[in-house]
Structure formats: C-alpha cells, structure tokens
1. Considering only the stretch 56-73, state which residues are among the hydroxyl-bearing types (Ser, Thr, Tyr) and in a loop (DSSP other than H, G, I, E, B).
2. Filter the stretch 74-92 for residues that are assigned to a strand (DSSP E or B), among the aliphatic types (A, V, I, L, M) and in contact (Cβ under 8 Å) with a residue 24 or more places away in the chain and give the result.
3. Test VAL71 against the stated conditions and say whether it is under 18 Å from SER114 (Cβ atoms) and out of contact with any Gly (no Cβ under 9 Å at 6 or more places or on another chain).
4. Hey, could you check the stretch 81-115 for residues that are of a type in the set (S, T, N, Q) and out of contact with any strand residue (DSSP E or B) (no Cβ under 9 Å at 6 or more places or on another chain) and say which is surrounded by the fewest Cβ atoms within 10 Å (Cβ to Cβ)?
5. Can you name every residue in the stretch 81-105 that is under 16 Å from THR43 (Cβ atoms) and in contact with a Lys or Arg (Cβ under 9 Å, 6 or more places away or on another chain)?
6. Within the bounds of the stretch 43-60, is there any residue that is touching a residue at least 60 places away in the same chain (Cβ under 8 Å), within 11 Å of LEU110 (Cβ to Cβ) and either out of contact with any His (no Cβ under 8 Å at 6 or more places or on another chain) or surrounded by 11 or more Cβ atoms within 10 Å (Cβ to Cβ) (or both)?
7. Does GLY139 meet the test of being at pLDDT 90 or above and more than 20 Å from the chain's Cα centre (by Cα)?
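The values are calculated or read from the model by the stated rules, or taken from the named source; none is laboratory data. All figures in this text were calculated on a predicted structure; none of them were measured in a lab. Glycine gets a Cβ as well: all are built from the backbone with ideal geometry, and neighbour counts include every protein chain shown.
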Amino acid sequence: MSAPTHAERTGATRNEALDPEKLEVAPGRERETLEGCVPNLATDEEVRSALEKAFDFRGDVSVTRKDGSKVEGYLFDRVSGRDLASSFVRLLPKDSNEQLKIAYADIAALAFSSRDPAAGKSWEAWLRKYWEKKSTGEGNLSLEPEALD
C-alpha cells in the first residue's frame, strides 16, 4: 500500500497535477536590506543576530572592537559558542590577506557597507539581460559570468 499523491490528496485530475502553475510551491525567503545598516548590539541576542546577518551579507562589514580599533572586510565564517567569549567571527580585511579571528565579546559596533556587490547579479537577472541582448542582435554574447565589480 502506498501513500496518496499530492494530486490525489487535493482532488486534482492528472493533467492538473502536471500543470506547473498549480503545483505547490514553497515560499521564498524574504531578503532583508542591510546596506548601510548599523544594528544595535545592546544584548547578547542582538550581537548574535547581527553577526548571523553579517555572515549572510555579501558585502563588507565594519567591525569596531571594544578597544577602539576598527577593521573593515568580508565576514566569511562564524562559530557560535555557549557565550560571547567562546563565539567568534573570521574576517578577511579589505587591506590585507590575513584572516582575523574576533571574539563576539570584543565587538562594540558593527556596520554594513552601503553596497551589496552581488545585488542584481542573480541568475534570473543575467538570463533576462542575455535574452534582451540576443533579441536585439547585439554581438559578444557569452555564457561567461560578468564580474561582480
């Protein structure tokens, strides 16, 4: 004995079950605009939440440490421990090739850059531009990706 299919559960006919416009679709995730954002870091939960968003952010962030030093770069890794002292982020600074490891407990402020370098660079946007160029007969069409900057 097998479980009923989605079409059988919803009472759809075979042709309706194959119609992509009527298939069940999971909702996409709402993207929060973080460009230029300076989150409040008053509580431990706010620090953790802001650094999770910074990890997902595709641009640079500026981290101000509690000793007053600042570093700007790309946050590429984070480890969430039991408390802020055992949690840390890893960052690639804009002006060097070294990887910095900064404890959550040492972070006084966080600011997101005002520009997301990958904004508008989705597959759908690229495909739309490709077909627009192809329909106008523009030359130099390539399947190579465009540079982010």
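1. Listed by number, the list holds a single entry, SER69.
2. In the first step, residues of the stretch 74-92 are kept if they are assigned to a strand (DSSP E or B); the result is 74-79, 88-92.
So of that shortlist, the ones also among the aliphatic types (A, V, I, L, M) come out as 75, 79, 89, 91-92.
Across the stretch 74-92, the qualifying residues are LEU75, VAL89, LEU91.
3. Values: under 18 Å from SER114 (Cβ atoms): yes; out of contact with any Gly (no Cβ under 9 Å at 6 or more places or on another chain): yes.
When the stated conditions are applied, VAL71 passes them.
4. Restricting attention to the stretch 81-115, the residues satisfying the condition of being of a type in the set (S, T, N, Q) are 86-87, 96-97, 99, 113-114.
Still in the running and out of contact with any strand residue (DSSP E or B) (no Cβ under 9 Å at 6 or more places or on another chain): 97, 114.
On the way: ASN97: 6, SER114: 10.
Once the filter is applied, the top-ranked residue is ASN97.
5. Selection gives LEU84, SER87, TYR104, ALA105.
6. There is at least one residue in the stretch 43-60 that is touching a residue at least 60 places away in the same chain (Cβ under 8 Å), within 11 Å of LEU110 (Cβ to Cβ) and either out of contact with any His (no Cβ under 8 Å at 6 or more places or on another chain) or surrounded by 11 or more Cβ atoms within 10 Å (Cβ to Cβ) (or both).
7. Values: at pLDDT 90 or above: no; more than 20 Å from the chain's Cα centre (by Cα): yes.
Criteria not met by GLY139.
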